[in-house]
Amino acid sequence: MLLTTRFSVRNEQPGALVAAIRDGGDTAVLFDTASNWIARLAGAHQAGRLEAELKKIRRYKLIIIDEVGYIPFDQDAANLFFQLIASRYEQGSVMVTSNLPFGRWGETFSDDIVAAAMIDRLVHHAEVLTLAGDSYRTRQRRELLAKENRTQLG
């Protein structure tokens with residue numbers, strides 16, 4: 001399922017996305033996991049309406065693709081994902097979250113060349129943010145285990 005939220009995005013301003021999310025606004029955004037994007041595109045491809053689906057997605061100023069790299073994709077899925085990225089190139093904004101550095105995207109997409117082509121389009125005109133440290137889930141789990149250990153020892 002795709003969640004549509006609304007906020008303003010102005011590409012020419014650094015940090016505009018964060019400010020837009022904070023302040024609200026009027027730009028439609030599509031959000032989903034990488035796996036669900038692939039499923040959506042595969043369904044459209046099987047129905048013979050991939051180009052229509054890509055055109056529909058291009059109407060949005062921003063799409064957010066979450067969890068790239070958590071699940072590897074076969075060659076067909078990688079090609080569909082590439083078509084999504086290529087259709088957005090210099091046409092609309094894309095935000096991607098991943099737990100993998102770009103150098104390992106070839107593993108996820110079963111093809112170093114397709115991965116490199118996607119990365120090339122994604123990073124051109126982009127701000128790449130690298131976050132370090134534990135995820136909040138890892139931190140919460142570690143704190144819970146520590147609490148359980150204190151309770152058992154105490």
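The values are calculated or read from the model by the stated rules, or taken from the named source; none is laboratory data. Here the structure is a predicted model, which means the values were calculated and not measured. Surface areas here come from the heavy atoms of the whole protein model, side chains and all, with no ligands, DNA or RNA. Shrake-Rupley method; radii C 1.70, N 1.55, O 1.52, S 1.80 Å.
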Accessible surface of ASP134 - all protein chains present, 1.4 Å probe, nearest 10 Å²: 80
The stretch 111-154 - Rg and Dmax from Cα coordinates, angstrom: 19.9, 56
Solvent-accessible ranking of THR130, THR151, largest area first, probe 1.4 Å: THR130, THR151
1.4 Å probe accessible area per residue over the stretch 71-132, in Å²: 60
The stretch 48-154: C-alpha pair distances exceeding 18 Å, %: 58
ARG150 accessible area, assembled protein chains, probe 1.4 Å, Å²: 150
Cα-derived Rg to Rh of the stretch 56-102, Kirkwood definition: 0.97
